[in-house]
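Accompanying notes for the structure given below.
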Amino acid sequence: MKKIFFVFIFVLACTCTIFCTKTAMAENLENSNTKKVEKDYEALKYDEKSAFISLTTLSASTYFNILSLDKQIEYQNELTALRKEILDLTKINYDYGLASSTDVTVADKSYTEALSDIETLKNSRAKLLNQLSVLIGESSENSSELQRGTIDSIEILKDLPQSIPSEIIEKRPDILKAEAQLQAAALDVKIARKNLLPSINLTGFLGFNAYAFSPLFNWESFIMSLGGGLTQPIFSGGKLLARLRGKKYKYEQMFNTYQKTILTSMQEINDSLADLKTNTTKNQNDIKRVECETKYYNDMYYKYEKGAVSYLDTLKYKENLLSLQKEEIKSKADAIIASLSLYKSVGGQL
């Protein structure tokens, strides 16, 4: 009787212990699953934020390129009219023996190129207007009628950052997304490891035949059944082990992706900052060139009024000025767009 009593107490203790253990494991597994879902949702939110920044930057870049093309077309129309006047005057000089046929050919070539440049600029603007219409949710049929300002009213950045701390990448949405995905992958490994552990479903009558009460106190029957209860989950473990290895491999992939995202982020910030500095410096130089050319043209025009320079020569100086003004507008737009690229590269934190 004592032996039977101790066996009964042992079984009961095992039942309580394993039941508590299983309950705790189930709770931990549920918590891990919940955290994993939370991390997946967090990654989706950062992905949405990254898409918003990209869409905003693209829309703004498209808009500023349109403003730049508006001004370039304005200068190009003026330049085309100027070259047409130069061609007409050159033909008149040729008729009076004051210009060669080569001069006429060169003037005609310049005028034809100007006409071609107008069409190229207009075509580029039409495409960008269609693109902007799609980005802002408007019909592209009326894209040419979109209301817009002028690039003359926009100023480029004055106080450029000379350097940007690398810590700023920590708040980039793609970095935060990669971190969330890495944490989710780590939780996947944790869940797979927990599923691999044996789960013992032991009750007070686990080792016995419920339909035959006679073997109830058969110790050998209990030991054999208990052993089977321990090993049975393990032998379904080939699939579980493969799943664990797969989760570990995915985690390693996510870790490599995370490292690559960090390196790519640093490169994008460096490239954007370098482009901004270069384009801003170029625009400043172009402004100085336009100022010098404007002064030079004014001097030539003054000489023309005094009869020291021909009108045809004055038109050619005006042609040079218009070409430089077109170039300055383009470099200004490039500097503005470079600032947008920097804004995007730092995750919208400037």
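The values are calculated or read from the model by the stated rules, or taken from the named source; none is laboratory data. Note that the structure is a prediction, hence the values are computed from the model and not measured. Cβ: placed from backbone, ideal geometry, glycine included. Neighbour counts: every protein chain shown. Just so you know, the surface numbers come from the protein's heavy atoms only, side chains and all, with ligands and any DNA or RNA stripped out. Shrake-Rupley method; radii C 1.70, N 1.55, O 1.52, S 1.80 Å.
What to note about this one:
- Listed conditions (1) assigned to a helix (DSSP H, G or I); (2) over 22 Å from S341 (Cα atoms) are all met by G97, apart from (1).
- Subset of the stretch 327-350 [crowded, with 22+ Cβ neighbours inside 10 Å and aromatic (F, W, Y)]: none
- Check on L324, in contact (Cβ under 8 Å) with a residue 60 or more places away in the chain and either open to solvent by less than 50 Å² (accessible area, probe 1.4 Å) or in a helix (DSSP H, G or I) (or both): no
- Selection within the stretch 57-80 - without any contact (Cβ under 8 Å) to a residue 60 or more places away in the chain and open to solvent by less than 60 Å² (accessible area, probe 1.4 Å): L69, I73, T80
- Single residue of L89, L132, L128 found to be surrounded by 17 or more Cβ atoms within 10 Å (Cβ to Cβ) and more than 28 Å from I287 (Cβ to Cβ): L89
- The stretch 278-292 residues that are farther than 16 Å from L322 by Cα, paired with ones that are open to solvent by 40 Å² or more (accessible area, probe 1.4 Å) (beta carbon under 6 Å, 6 or more apart): N279/D334
- Condition met for A99 (closer than 19 Å to T314 by Cβ, free of Cβ contacts under 8 Å to residues at least 24 places away in the same chain and open to solvent by less than 80 Å² (accessible area, probe 1.4 Å)): yes
- Within the stretch 134-169, tally of residues that are touching a residue at least 12 places away in the same chain (Cβ under 8 Å), part of a loop (DSSP other than H, G, I, E, B) and over 30 Å from T278 (Cα atoms): 2
- Annotation note: Cβ proximity below 8 Å between a residue of the stretch 254-267 that is under 17 Å from G347 (Cα atoms) and a residue that is of a type in the set (K, R) (sequence gap 6+ or interchain) occurs for S265/R172.
- In the set (1) part of a helix (DSSP H, G or I); (2) surrounded by 16 or more Cβ atoms within 10 Å (Cβ to Cβ), S54 fails one condition alone, (2).
- Sole residue being over 30 Å from R148 (Cβ atoms) and part of a helix (DSSP H, G or I), chosen from T102, T80: T102
- Residues of the stretch 282-316 satisfying the condition of being open to solvent by less than 60 Å² (accessible area, probe 1.4 Å) and assigned to a helix (DSSP H, G or I): N283, D286, V290, E293, T294, Y297, M300, L312, T314, L315
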